[in-house]
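The values are calculated or read from the model by the stated rules, or taken from the named source; none is laboratory data. Since we're looking at a predicted model, the values are computed, not measured. Here the Cβ positions follow ideal geometry from the backbone for every residue, glycine too, while neighbour counts run over all protein chains shown.
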């Protein structure tokens, strides 16, 4: 059995890579994908602790987080398409107006 | 090889694949390649869930994340892809901010895990809080529809709101 600390460090690594992606990339789609990476890291933690405490609740929470990720991706990509229609670009730096 | 060893090898294989896919996702220039590497990382994470004995989350991860969300992403990439975009600068000038943030978060969370291990929190507890069988899909369904029935319904409302929101965002201005 792999000790739970290894799962936590894997989740930590994925989380930090996601944060670096959010901060350094300019493309809005890649920023959204980095957010998916972060949510995924959280899921690993929840499922690892679910097995550690022999309790099913962690797996349920990870299911709710996946639901959230789906909702977030749908709305986020809708915003990206609306933004692209108006500005013909995908760069996050260009997002500086609330209303066109 | 014993099942123990197989599960250990599987864990380290999938962990390496997940980290590699994640690193390539945030460093590759092309958006489509980035999405493909993210799919690799998500599939490897599904494997991690399998080593943890979470069969249902494994299936949901593949069906929903890889089959649903990532297909949506690739659709949108194809809708908005510009050749111009590839020639633009792909990275912010925020390298040092990112490094600082990564160091701060990494040391903080790493210290938290290390401290928990020193305190013995991460040892296998003697008095388990619950009972989890190796085949736990049935337990999962029971908990979902009994203990967590209300959050489950709220999640469906959330999805409805997201559906309406996505349609409103993308429809043509009247």
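Has the range B:37-53 got at least one residue that is at the interface with another protein chain (Cβ under 10 Å from one of its Cβ atoms), under 18 Å from the mean Cα position of the chain (by Cα) and outside any helix (DSSP H, G or I)? Yes; the residues of the range B:37-53 include at least one that is at the interface with another protein chain (Cβ under 10 Å from one of its Cβ atoms), under 18 Å from the mean Cα position of the chain (by Cα) and outside any helix (DSSP H, G or I).
Between B:119, B:139, the distinction of being farther than 30 Å from residue A:75 by Cβ and more than 7 Å from every other protein chain (Cβ to nearest Cβ) belongs to B:119 only.
Against the condition assigned to a helix (DSSP H, G or I) and without any contact (Cβ under 8 Å) to a residue 60 or more places away in the chain, how does residue B:73 come out, does it pass? Full working, then the answer.
On the way: assigned to a helix (DSSP H, G or I): yes; without any contact (Cβ under 8 Å) to a residue 60 or more places away in the chain: yes.
Here the answer is yes, as residue B:73 does meet what is asked.
Each residue in the range B:78-103 was checked for being assigned to a helix (DSSP H, G or I) and modelled with pLDDT of 75 or more, and 12 pass.
Looking at B:106, B:47, B:67, B:110, just one residue is surrounded by fewer than 18 Cβ atoms within 10 Å (Cβ to Cβ), in the same structural domain as residue B:12 (by TED's automatic domain parsing) and at pLDDT 90 or above, and that residue is B:67.
Just wondering, is there one or more residues in the range B:123-133 that are under 30 Å from residue A:84 (Cα atoms), at pLDDT below 90, facing chain A (nearest Cβ under 9 Å) and part of a loop (DSSP other than H, G, I, E, B)? No, because not a single residue in the range B:123-133 is under 30 Å from residue A:84 (Cα atoms), at pLDDT below 90, facing chain A (nearest Cβ under 9 Å) and part of a loop (DSSP other than H, G, I, E, B).
When residue A:30 is tested against (1) closer than 29 Å to residue B:81 by Cβ; (2) free of Cβ contacts under 8 Å to residues at least 12 places away in the same chain; (3) surrounded by fewer than 22 Cβ atoms within 10 Å (Cβ to Cβ), exactly one condition is not met: (3). The set of residues from the range A:1-12 being closer than 25 Å to residue B:26 by Cβ and in contact (Cβ under 8 Å) with a residue 24 or more places away in the chain comprises A:7, A:8, A:10, A:11, A:12.
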